[in-house]
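The values are calculated or read from the model by the stated rules, or taken from the named source; none is laboratory data. The shown structure was predicted, so the numbers you read here are calculated from the model rather than taken from an experiment. All Cβ positions, glycine included, derive from the backbone under ideal geometry; neighbour counts span all protein chains shown.
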Ligand SMILES: [Zn+2]
Ligand SMILES: [Zn+2]
């Protein structure tokens, strides 16, 4: 499958969690957790449309001010999702600065809390000194935080030592693959019109919806959506990326993660300690590398990416990844 999402860990496996996912062919990115962001170029920061915060421990929020700094002069609305309480925590961050000269600034932050159901939504506008306003109840559809023709993001609440840490699943509703050889055969020009074509298919538009198709030799022809699909495209299950971090290694958490991450194309999951340190993992409410790998295998994930490695293992940089990968690729069903 041609990847529609380009994910990367901004701070590597040992740094603060910040998982940046760029959406192919769109000037848009999503950010999962807000760890240190100073290395993210402003031009890439400004692609971020939505930020998903797992929980507000400092290693997951410390980059928020850097992000705000990048957005401050821009006419943008930044959407932030997090667990219950996140709106007050962001309010606290914002109230730590003086905002007497931002009257004309158009930036708007909308913060939505998710707590296994409807949650608070609070708006903060630069033009209003980022004072909280417009508080209302935001009613998500079950666990669905965000939905458009080209992406869905769902949340799962997990236990992290008595607080909630949210896991997130980013999924393409339907994957549309374009046959490049067919494009050439018909003489259709490649270009941004294909993004619109894919969006129409994903939105379930009628087969007789008419489209302008640009030709390599110049000019265009008009075709029905169904006819064009038969010529140049096929559809398959959409790409799924799951992000899991800061969760206690309890049976209850593991059961929920294995279901939530079912058939993911990529499971990005914390692997903080080696399994030999399981008592420490339990005490610190984090997963071991072996458990991370086992969860990937149980979920049937195609790829595993581990992060949030404890700095204690920095002198053995491959140790945790290797342990996770061994458990991930193990054939021992009893493991
Ligand atoms: Zn953490
Ligand atoms: Zn934490």
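Details
- Taken together, the criteria place residue 182 among residues that are over 24 Å from residue 241 (Cβ atoms), modelled with pLDDT of 90 or more and surrounded by 13 or more Cβ atoms within 10 Å (Cβ to Cβ).
- Residue within segment 242-253 that is touching a helix residue (DSSP H, G or I) at 6+ places or on another chain (Cβ under 7 Å), away from ligand 2 (no atom under 16 Å from the Cβ) and closer than 18 Å to residue 330 by Cβ present: no
- Count of segment 166-195 residues which are touching a helix residue (DSSP H, G or I) at 6+ places or on another chain (Cβ under 7 Å) and part of a helix (DSSP H, G or I): 3
- Matching residues in segment 72-85 - criterion: being surrounded by fewer than 21 Cβ atoms within 10 Å (Cβ to Cβ) and either within 15 Å of ligand 2 (Cβ to nearest atom) or outside the structural domain of residue 116 (by TED's automatic domain parsing) (or both): 85
- So residue 215, is it in contact with a helix residue (DSSP H, G or I) (Cβ under 6 Å, 6 or more places away or on another chain) and more than 16 Å from ligand 2 (Cβ to nearest atom): no
- The residue that is surrounded by the fewest Cβ atoms within 10 Å (Cβ to Cβ), among those in segment 219-228 that are in contact with a strand residue (DSSP E or B) (Cβ under 8 Å, 6 or more places away or on another chain) and in a helix (DSSP H, G or I), is 225.
- Restricted to segment 18-71, and to residues there that are within 16 Å of the chain's Cα centre (by Cα) and free of Cβ contacts under 8 Å to residues at least 24 places away in the same chain, the residue that is nearest to ligand 2 (Cβ to nearest atom) is 29.
- For segment 300-335, filtered to residues that are farther than 16 Å from residue 272 by Cα and modelled with pLDDT under 95, the residue that is surrounded by the fewest Cβ atoms within 10 Å (Cβ to Cβ) is 334.
- Criterion (within 16 Å of ligand 2 (Cβ to nearest atom), more than 14 Å from residue 159 (Cβ to Cβ) and either more than 16 Å from the chain's Cα centre (by Cα) or not assigned by TED's automatic domain parsing to the domain that holds residue 211 (or both)) met by exactly one of 269, 257, 232: 269
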